[in-house]
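The block underneath contains the structure these notes are about, expressed in structure tokens.
Only the coordinates and a few stated rules stand behind these numbers; no lab work does. The structure presented is a predicted model; accordingly, all values stated were derived computationally and were not measured. Using ideal geometry, Cβ is built from the backbone for each residue, glycine included, and neighbour counts are taken over all protein chains shown.
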Amino acid sequence: MNLELAHYIPGKDDPNEVIYRKLREHFDGRIVRKDLTKAIKEGANVPVYVLEFLLGQYCSSDDPSIIDEGMRNVKRILAENFVRPDEAQKVLSNLRERGSYTVDCQ
């Protein structure tokens, strides 16, 4: 996914720049890029509010490298903590290895 093309960079003469800066200043960590939500939602069987929370925590930046790293973190968290119905054997294996396993229900 090319994040450079979907990335919003306010220009100097852009009337939305002031609003954009204020949003970043006051709501950093709570701003969610919907294009990132859509990109992950296509391959994940999790509620949208979970994706938006994780993206707000890990991808709240204007820096493409931080966004890429955050996307990797979100995908890793989802892979480790959410179980698809066809992954029952994975849960049993983790249970045997760790002695306990927490399953997040949808």
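Miscellaneous remarks
- Of Leu23, Pro64, Val46, farthest towards positive along the dipole that unit charges on Lys, Arg, Asp, Glu beta carbons give the stretch 13-98: Val46
- Overall form of the stretch 13-98 per C-alpha gyration tensor (a/c, 1.5; a/b vs b/c): prolate
- Ordering Ser65, Ser93, Ser100, Ser60 by the number of other Cβ atoms within 10 Å of each residue's own Cβ, fewest first, gives Ser100, Ser65, Ser93, Ser60.
- Qualifying GluC sites (Glu not before Pro) in the stretch 21-72, DSSP loop, other Cβ atoms within 10 Å at most 10: Glu42
- Residue exposure sequence - Leu55, Leu23 - by fewest surrounding Cβ within 10 Å: Leu23, Leu55
- Across the stretch 13-98, Cα pairs under 8 Å and at least six residues apart give a relative contact order of 22 percent.
- Sparse-neighbourhood loop sites, chymotrypsin sites (Phe, Trp or Tyr not before Pro) in the stretch 23-106 - DSSP loop, at most 16 other Cβ within 10 angstrom: Tyr101
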